[in-house]
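The values are calculated or read from the model by the stated rules, or taken from the named source; none is laboratory data. In this text, all values refer to a predicted model and were calculated from it rather than measured experimentally. Methodologically, a virtual Cβ is constructed for each residue, glycine included, from the backbone with ideal geometry; neighbour enumeration extends over all protein chains shown. Surface areas here come from the heavy atoms of the whole protein model, side chains and all, with no ligands, DNA or RNA. Shrake-Rupley method; radii C 1.70, N 1.55, O 1.52, S 1.80 Å.
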Amino acid sequence: QVQLVESGGGLVQPGGSLTLSCAASGAASGSIFNISNMGWHRQAPGNQRELVAAISSGGGRIDYANSVKGRFTISRNNAKNALYLQMSSLKPEDTAVYYCHADEPYFGVDYWGKGTLVTVSS
């Protein structure tokens, strides 16, 4: 089993910045993290969960939702089993619970963190 724990959420003013982190731990977490595609998803009240950004296992492929392109940057450090999301120029509509996700269908990897709340408000 792998546990994903998000951190770094909080209250920030519009236009501000925040960096989220996701740490993987548990048995074989290092091996599982290194082979997994990782993603950040978010869910605002009343909305469906949506993919914000994704990064392939080796970091060679990165995708962003159109709504965050140019403002958010996803990165990973496989040596530290860590995933990051740098968020800048935050808007009130970015307010949501942000979830970390590990995915590798061939090996049956599908893990979610419990989420961290980001609130953008003045």
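Looking at Gly70, Gly46, Gly59, which is the one that is in a loop (DSSP other than H, G, I, E, B), free of Cβ contacts under 8 Å to residues at least 60 places away in the same chain, open to solvent by less than 70 Å² (accessible area, probe 1.4 Å) and on the phi > 0 side of the Ramachandran plot? Write out each step before concluding.
Details: Gly70 fails: open to solvent by less than 70 Å² (accessible area, probe 1.4 Å); Gly46 fails: open to solvent by less than 70 Å² (accessible area, probe 1.4 Å).
Of the residues listed, the single one that is in a loop (DSSP other than H, G, I, E, B), free of Cβ contacts under 8 Å to residues at least 60 places away in the same chain, open to solvent by less than 70 Å² (accessible area, probe 1.4 Å) and on the phi > 0 side of the Ramachandran plot is Gly59.
Within region 8-36, restricting attention to residues that are open to solvent by 60 Å² or more (accessible area, probe 1.4 Å) and in a strand (DSSP E or B), which residue is farthest from Val97 (Cα to Cα)?
Among those that are open to solvent by 60 Å² or more (accessible area, probe 1.4 Å) and in a strand (DSSP E or B), it is Thr19.
Inside region 64-82, can you point out the residues that are closer than 24 Å to Ser29 by Cβ and in contact with a strand residue (DSSP E or B) (Cβ under 6 Å, 6 or more places away or on another chain)? Steps first, answer last, please.
Residues of region 64-82 that are closer than 24 Å to Ser29 by Cβ, as a first pass: 73-82.
If the condition is that a residue be closer than 24 Å to Ser29 by Cβ and in contact with a strand residue (DSSP E or B) (Cβ under 6 Å, 6 or more places away or on another chain), then Thr73, Ile74, Ser75, Arg76, Asn81, Ala82 are the ones that fit.
Just to be sure before I move on: is Val52 open to solvent by 70 Å² or more (accessible area, probe 1.4 Å), over 20 Å from Gly108 (Cβ atoms), among the aliphatic types (A, V, I, L, M) and touching a residue at least 40 places away in the same chain (Cβ under 8 Å) in the structure I sent? Please lay out each step first, then the result.
Details: open to solvent by 70 Å² or more (accessible area, probe 1.4 Å): no; over 20 Å from Gly108 (Cβ atoms): yes; among the aliphatic types (A, V, I, L, M): yes; touching a residue at least 40 places away in the same chain (Cβ under 8 Å): yes.
It is false that Val52 is open to solvent by 70 Å² or more (accessible area, probe 1.4 Å), over 20 Å from Gly108 (Cβ atoms), among the aliphatic types (A, V, I, L, M) and touching a residue at least 40 places away in the same chain (Cβ under 8 Å).
Out of the residues in region 93-118 that are acidic (Asp, Glu) and not in a strand (DSSP E or B), which is least open to solvent (accessible area, probe 1.4 Å)? Step through it out loud before you land on a result.
Residues of region 93-118 that are acidic (Asp, Glu), as a first pass: 93-94, 103-104, 110.
Add one more test, that the residue is not in a strand (DSSP E or B), and what stays is 93-94.
Numbers: Glu93: 123, Asp94: 1 Å².
By that ranking, first place goes to Asp94.
Which condition number does Ser121 fail, the rest of (1) touching a His at 6+ places or on another chain (Cβ under 9 Å); (2) open to solvent by less than 70 Å² (accessible area, probe 1.4 Å) being met?
(1)
Among (1) farther than 14 Å from Met38 by Cα; (2) open to solvent by 80 Å² or more (accessible area, probe 1.4 Å); (3) not small (Gly, Ala, Ser), which single condition is Leu90 missing?
(2)
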